[in-house]
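The values are calculated or read from the model by the stated rules, or taken from the named source; none is laboratory data. Quick caveat: nothing in here was measured; it's all calculated off a predicted structure. Note that each Cβ is placed from the backbone with ideal geometry, even for glycine, and that neighbours are counted across all protein chains shown.
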Amino acid sequence: MSILKIAIQKSGRLSESSRKLFEECGIKISNGSGSLKVIAGNFPVEILLLRDDDIPQYVEQRVADIGIVGENMVYEKKKDVAVLEQLGFAGCRLSLAIPKEESYPGTGFFMNKKVATSYPVLLSEYFASTNISAEIEELSGSVEIAPGIGLADAICDIVSSGSTLLTNGLREVEMVMKSQAVIISNRNLDPEKQKILERLLFRIRAVKNARENKYILLNAPEEAVEDICRILPGMKSPTILPLAEKGWCSLHSVVKEDEFWDRIDQLREAGAEGILVIPIEKMIL
Ligand code: PRP
Ligand code: ZN
């Protein structure tokens with residue numbers, strides 16, 4: 001029987017969330033043992049725990065069939081892999097940062113300066129597109145200390161919470177790209193692996209949809225229902241149930257997580273009361 005080999009980050013920004021995604025997809029990965037290869041108990045996949053920097057190459061060479069990695073790595077490494085799906089976690093920016101005491105007049109700051117980075121490909125594309133000629137100093141890690149030790153004038157690195165910049169006396173001045181975790185795949189999977197991948201993607205989409213949406217319940221007077229239905233787009237149309245109290249009903253629907261605060265203000269203005277917002281466990285469209 002075929003097994004789909006999946007590369008995920010061993011330790012770092014993506015590793016916890018990648019494991020959690022499989023867990024929420026009902027795929028059990030045993031923890032501990034320190035092994036770099038883990039077979040799932042109840043789904044035909046094998047998890048390879050690797051350095052994120054190496055994942056695009058391993059997927060291209062079919063050491064792993066698919067991988068979970070940041071877009072930053074995929075576009076830096078320029079490997080021939082298919083990007084299948086954005087996963088909505090490990091959001092970050094690839095940004096330029098300078099010592100915080102320096103004044104910043106705009107991108108001209110970087111003219112003829114030395115910039116340390118682990119992303120030479122993306123940074124040189126950025127400098128080419130903004131007509132800046134600067135020297136790129138490639139480092140494989142701890143880029144944030146380069147200005148402090150006189151190795152570079154600025155850095156270009158991943159910023160997530162911003163705390164690494166802060167503790168190193170740097171400030172973000174330009175964004176080169178936005179990034180999040182994605183699934184990448186080898187371009188030549190055999191039909192059996194392709195089938196496992198489809199089953200996996202089905203589960204991942206159900207988890208992703210659930211994360212992006214909330215279930216909402218509210219009470220409203222009958223005369224407000226029409227207005228409220230217009231505010232609540234829902235998966236289809238809202239469910240409307242009568243309440244024991246005459247002239248009142250209960251509405252149930254699904255709202256996008258990122259819109260729901262907006263919607264809630266509009267709903268209250270329209271007359272909604274007793275609003276409950278509930279997380280969704282899985283959502284299959
Ligand atoms: C990035 C970057 C910083 C950190 C920034 O590393 O190099 O060290 O994350 O995060 P913060 O803004 O929350 O402090 P990454 O996770 O990409 O690790 P790696 O380069 O070691 O794989
Ligand atoms: Zn890395």
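In the range 157-214, what residues are in a helix (DSSP H, G or I) and within 16 Å of ligand 2 (Cβ to nearest atom)?
Within the range 157-214, just Thr164 meets the criteria.
How many residues are more than 16 Å from ligand 1 (Cβ to nearest atom) and of a type outside the set (Gly, Ala, Ser) when one looks only at the range 55-64?
Residues that pass the stated criteria total 5.
When both residues are 6+ apart or on different chains and their Cβ atoms are under 8 Å apart, which pairs have a first residue that lies in the range 85-109 and is within 20 Å of Tyr119 (Cα to Cα), and a second that is β-branched (Val, Ile, Thr) and surrounded by fewer than 16 Cβ atoms within 10 Å (Cβ to Cβ)?
Thr107/Thr130
List the residue pairs whose Cβ atoms are under 6 Å apart, where the first residue sits in the range 39-51 and is farther than 12 Å from Val63 by Cα, the second is β-branched (Val, Ile, Thr) and more than 16 Å from ligand 1 (Cβ to nearest atom), and the two are 6 or more positions apart or on different chains.
Ala40/Ile27; Ala40/Ile29; Phe43/Ile27; Pro44/Ile3; Pro44/Ile196; Val45/Ile6
Can you tell me which residues in the range 128-145 are surrounded by 13 or more Cβ atoms within 10 Å (Cβ to Cβ) and more than 16 Å from ligand 2 (Cβ to nearest atom)?
Residues satisfying the conditions are Thr130, Ile132, Ala134, Glu135, Ile136, Glu137, Ile145.
Scanning for something surrounded by 19 or more Cβ atoms within 10 Å (Cβ to Cβ), more than 16 Å from ligand 1 (Cβ to nearest atom) and closer than 30 Å to Cys92 by Cβ, does the range 218-233 turn up at least one residue?
No, there is no match, as no residue in the range 218-233 is surrounded by 19 or more Cβ atoms within 10 Å (Cβ to Cβ), more than 16 Å from ligand 1 (Cβ to nearest atom) and closer than 30 Å to Cys92 by Cβ.
Which condition breaks for Glu125 when tested against (1) within 16 Å of ligand 2 (Cβ to nearest atom); (2) more than 22 Å from the chain's Cα centre (by Cα); (3) modelled with pLDDT of 95 or more?
(1)
Just checking, how many residues over the range 238-284 are of a type in the set (Gly, Ala, Ser), exposed (fewer than 14 other Cβ atoms within 10 Å of the Cβ) and in contact with a strand residue (DSSP E or B) (Cβ under 8 Å, 6 or more places away or on another chain)?
Residues that pass the stated criteria total 2.
Suppose we keep only residues that are within 25 Å of Ser163 (Cβ to Cβ) and touching a helix residue (DSSP H, G or I) at 6+ places or on another chain (Cβ under 7 Å) within the range 4-54. Which one would you say is farthest from ligand 1 (Cβ to nearest atom)?
The extreme case among them is Leu21.
Which residue pairs have Cβ atoms closer than 6 Å, lie 6 or more positions apart in sequence or on different chains, and pair a first residue in the range 1-18 that is more than 15 Å from Val63 (Cβ to Cβ) with a second residue that is within 15 Å of ligand 2 (Cβ to nearest atom) and in a strand (DSSP E or B)?
Leu14/Ala181; Ser15/Gln9; Ser18/Ile8; Ser18/Ile68
How many residues are at pLDDT 90 or above and not basic (Lys, Arg) if we restrict to the range 230-264?
Summing the residues that are at pLDDT 90 or above and not basic (Lys, Arg) in the range 230-264 gives 15.
Looking at the range 26-43, can you tell me whether even one residue there is part of a strand (DSSP E or B), away from ligand 2 (no atom under 16 Å from the Cβ) and among the hydroxyl-bearing types (Ser, Thr, Tyr)?
For the range 26-43, residues part of a strand (DSSP E or B), away from ligand 2 (no atom under 16 Å from the Cβ) and among the hydroxyl-bearing types (Ser, Thr, Tyr): absent.
What about Gly169, is it more than 30 Å from Ile149 (Cα to Cα), surrounded by fewer than 17 Cβ atoms within 10 Å (Cβ to Cβ) and in contact with a Pro (Cβ under 8 Å, 6 or more places away or on another chain)?
no
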